[in-house]
Amino acid sequence: MINDSPGAAPSKRIEQFALYQKGKSAQSQSAPLMEKIGLDKIRQECPRFNQWLTKLESIKHEP
């Protein structure tokens, strides 16, 4: 669970990374951190996020 307590909020988790720059918002730093980690690793470590992405990917776009 990602957001099951105040300390587990995504922004709080981002602040724990060594690359985090104090004084900048966690939201503005999330994309570069995600790039460094890689989507495959994130999906592997976050099963619920992976399920959500898989569901989105399975939706067929019809013109």
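None of the figures in this text is laboratory data; all of them are computed from the coordinates on show. Nothing here was measured: the structure is a model prediction, and the numbers come from that model. Methodologically, a virtual Cβ is constructed for each residue, glycine included, from the backbone with ideal geometry; neighbour enumeration extends over all protein chains shown.
Overview of values
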{"read-out": "Ranked by how many other beta carbons lie within 10 Å on average, peptides 37-46, 52-61 from highest", "value": "37-46, 52-61"}
{"read-out": "Difference of contour (0.36 nm per residue) and Cα-Cα distance, Met34 to Ser5", "value": "8.3 nm"}
